[in-house]
Amino acid sequence: MHEECGVFGIFAGGSRAVAKDVYAGLFALQHRGQEAAGIAVNSDRVIRVHKDVGLVHEVFGEKELSELGCGRIAVGHVRYSTSGDGGAQNAQPMVVKHIKGQLALCHNGNLVNSEELRSRLELSGCIFHTTSDTEVISYIITQKRLKCPSIEDAVCEAMTEIKGAYSLVMMSPAKLIACRDPWGFRPLSIGRTPDGEYVVASETCGLFAVGASFIRDVEPGEIVVIDESGLRSITTHCGEKKRSLCVFEYIYFARPDSVIEGMSVHESRKLAGRFLAKSHPADADIVVGVPDSGIDAAIGFSQESGIPYEMGLVRNKYVGRTFIAPEESGRGRQVDMKLSAISSAVSGKRVVLIDDSIVRGTTSARIIDMLKAAGAKEIHMRISSPPFLYPCFYGTDVDSDKGLIAKSHSVDEICEMIGADSLGYLSVDDALALSPGRAPDTFCSACFTGEYPV
């Protein structure tokens, strides 16, 4: 399972090297996409862009950042190919030039009517250069812009046609615009620096990376426009659909230090661990979390159960996330490169092992083998999400149920297949309670239940 993408934008008080701010913001959002990165800068109403395949620090050095020049507005993107092929041609920001100006567009999410829209656009004469649904969005907005008096009006009209998950950050010659789909599948936050500059990012950790304080979240269906006059909001599409924030943002996607719609991701994951300790207790000596997204839940399990938390696994921070490897053999090798067991911590111990999910089972089996080879007596695996049973069409690249181990095997069968002594998943009810005070039916949990909001 791949992460979502990450988007970032800034409107500065005056012309300066804003690309460095975007670089810092994207660096903080790197966990959301490790395939490609890009930055576009509005330099005196001329948009310059640099993007390529690779991590943020691989795509950008001092030379690339300086060549982007100075400006007041800039946007950036980190990407995984949840829709369309990978490669530099699909990297973002996507820059469009038209008779009324230019537009740089960054997109997090996935449209569910992309093929229908693409077909219609091609029949009308549009020529596509990528396989990404982001290009579909850019064409729709551009067509609307040719008839509308402003870019924000064009975005508002485009939102009546595009359906699915999208958090967008866009830059015209004079404005920074952010919008979120009416369901609110993907998060989007607004911040402000001590100098009064506005910043928009997929997560609050992106805001904090440039010294900005969190102001508020972009509401589902809202369009935020930032220009020389300040910030204003268009709420035409707000309240049109039922809120459906992806629950996996709390379970896995977001960084622990982020706050998603008022709830700390770190606290949410600890709560998942507490729920697991109550619903699936274990007679064990230590609790171990799989780095990085299993650690918070492991702490919560330990606090609730009274079983000591121990760092039984260490992560090599210079190896990318396991899910990047497309083949099973490659994925297994990367697990061995990425994680190592601390034998002095686990040898002779009964271990509660906490991870965020089991998708195919390959990674879990490798980790359990690793711990048992280091001397662990028993491994009681606990998963801080429900079984992943259904494909996701909103920005995660699990677009079919092929390979989903929980779809074709029982919990007992999975337990035996991965080599655990016991296995317990978080219940769907507990997953929908990870943000106390939020109504359970305002989450999207389609990957667990098969109930799709759109």
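Quick check on segment 1-126: take the gyration tensor over C-alpha atoms, sort the square-rooted eigenvalues as a ≥ b ≥ c, and tell me if it's rounded (a/c under 1.5), prolate or oblate. Oblate shape, in that a/c is at least 1.5 and b/c is the bigger or equal ratio. Of the cross-linked pairs LYS20/LYS241; LYS97/LYS242; LYS100/LYS163, those separated by over 32 Å at the C-alpha level are LYS20/LYS241; LYS97/LYS242.
Here the relative contact order of segment 153-281, from alpha carbon pairs under 8 Å that lie six or more residues apart, stands at 21 percent. Close amide H partners of ILE73, meaning residues 5 or more places away or on another chain with modelled amide H under 5 Å apart, are ALA12, ASN42. Surface composition of the chain: carbon and sulfur atoms hold 51% of the protein heavy-atom accessible area at a 1.4 Å probe. Residue-wise HN-Hα couplings along segment 446-454, as the Karplus relation 6.51 cos²θ - 1.76 cosθ + 1.60 with θ = phi - 60° gives them from phi, are 4, 5, 9, 10, x, 9, 8, x, 9 Hz; Gly and Pro carry x. Can you compute log10 of I(q)/I(0) for segment 353-431 with the Debye formula, treating each Cα as one identical point scatterer, at q = 0.11, 0.15 Å⁻¹? Those come out to -0.29, -0.52, one per q. Seen through its C-alpha gyration tensor, with square-root eigenvalues sorted a ≥ b ≥ c, segment 80-184 comes out rounded because a/c lies under 1.5. Taking each DSSP H run with n ≥ 4 as -39500 (n - 2.57) and averaging over every residue of the chain yields -7500 deg cm²/dmol at 222 nm. Computed 3J(HN,Hα) for segment 98-106, one whole-Hz value per residue from the Karplus formula 6.51 cos²θ - 1.76 cosθ + 1.60 where θ = phi - 60°, is 9, 4, 9, x, 10, 8, 10, 10, 10, glycine and proline marked x. Across all Cα pairs in segment 1-56, the calculated P(r) in 5 Å bins from zero up to the longest distance comes to 4, 19, 29, 22, 13, 8, 3, 1, 0 percent per bin. In terms of the Cα gyration tensor, with a ≥ b ≥ c the square roots of its eigenvalues, is the chain rounded because a/c is under 1.5, prolate because a/b exceeds b/c, or oblate? It is prolate, given that a/c is not under 1.5 and a/b is the larger ratio. With all protein chains kept in place, the per residue accessible area of the chain amounts to 38 square angstrom at a probe of 1.4 angstrom.
The values are calculated or read from the model by the stated rules, or taken from the named source; none is laboratory data. Everything quoted here is computed from the prediction, not taken from an experiment. Ligands, DNA and RNA are excluded from the accessible area calculation, which covers all protein heavy atoms including side chains. Shrake-Rupley method; radii C 1.70, N 1.55, O 1.52, S 1.80 Å.
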